[in-house]
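Undergrad: Below you'll find the structure I mean.
Bear in mind that the values in this text are calculations on the coordinates, not laboratory data. It should be emphasised that the depicted structure is a prediction, and the values quoted were computed from it without experimental measurement. Reconstructed Cβ throughout: ideal geometry from the backbone, glycine too, with neighbour counts over all protein chains shown.
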Amino acid sequence: MSDEVKMLISCVVEKEGKKMVRLSFLRGSDYAEGILPEGIVEKAQGFTEEEVRKLERYIRTNRKDILQQAKEINPLRNWMNG
């Protein structure tokens, strides 16, 4: 099994007047779902508690970069080219 963790970033979405970005961390069949601006992992399976804490630290530490990447995502273009 690979130890590589892949991160997927959503575009910026607005929910109840708040802008947010969803993150998914994937490692084989393990997954974790995080959210910004809160910087928390809402759901995880297969990652240890310590790994989840590290993912949350990563989200908070890289918040600006992640938000910038999310702003550059064009969901319609990605869907059409997918």
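Undergrad: If we keep just the residues of segment 54-75 that are assigned to a loop (DSSP other than H, G, I, E, B) and touching a residue at least 12 places away in the same chain (Cβ under 8 Å), which is surrounded by the most Cβ atoms within 10 Å (Cβ to Cβ)?
TA: 73
Undergrad: Which residues, counting only those in segment 1-39, are in contact with a strand residue (DSSP E or B) (Cβ under 6 Å, 6 or more places away or on another chain), not small (Gly, Ala, Ser) and not in a strand (DSSP E or B)?
TA: If the condition is that a residue be in contact with a strand residue (DSSP E or B) (Cβ under 6 Å, 6 or more places away or on another chain), not small (Gly, Ala, Ser) and not in a strand (DSSP E or B), then 5, 12 are the ones that fit.
Undergrad: Give segment 1-21 a look and list any residue that's out of contact with any Leu (no Cβ under 8 Å at 6 or more places or on another chain) and either basic (Lys, Arg) or more than 14 Å from residue 70 (Cβ to Cβ) (or both), or say none.
TA: So in segment 1-21, the residues out of contact with any Leu (no Cβ under 8 Å at 6 or more places or on another chain) come out as 1-4, 11, 13-19.
Residues satisfying the conditions are 1, 2, 3, 4, 15, 16, 17, 18, 19.
Undergrad: Let me ask something else. Would you be able to tell me the number of residues in segment 40-53 that are surrounded by 11 or more Cβ atoms within 10 Å (Cβ to Cβ) and either acidic (Asp, Glu) or not in a loop (DSSP other than H, G, I, E, B) (or both)? So that I can check it myself, show each step before the final result.
TA: Step one: of segment 40-53, the residues surrounded by 11 or more Cβ atoms within 10 Å (Cβ to Cβ) are 40-44, 46-47, 51-53.
Next, only the ones that are either acidic (Asp, Glu) or not in a loop (DSSP other than H, G, I, E, B) (or both) stay: 40-44, 51-53.
Adding up the residues that qualify gives 8.
Undergrad: Look through segment 13-37, keep the residues that are surrounded by 15 or more Cβ atoms within 10 Å (Cβ to Cβ) and among the acidic types (Asp, Glu), and return whichever of them is farthest from residue 3 (Cα to Cα).
TA: So the residue we want is 33.
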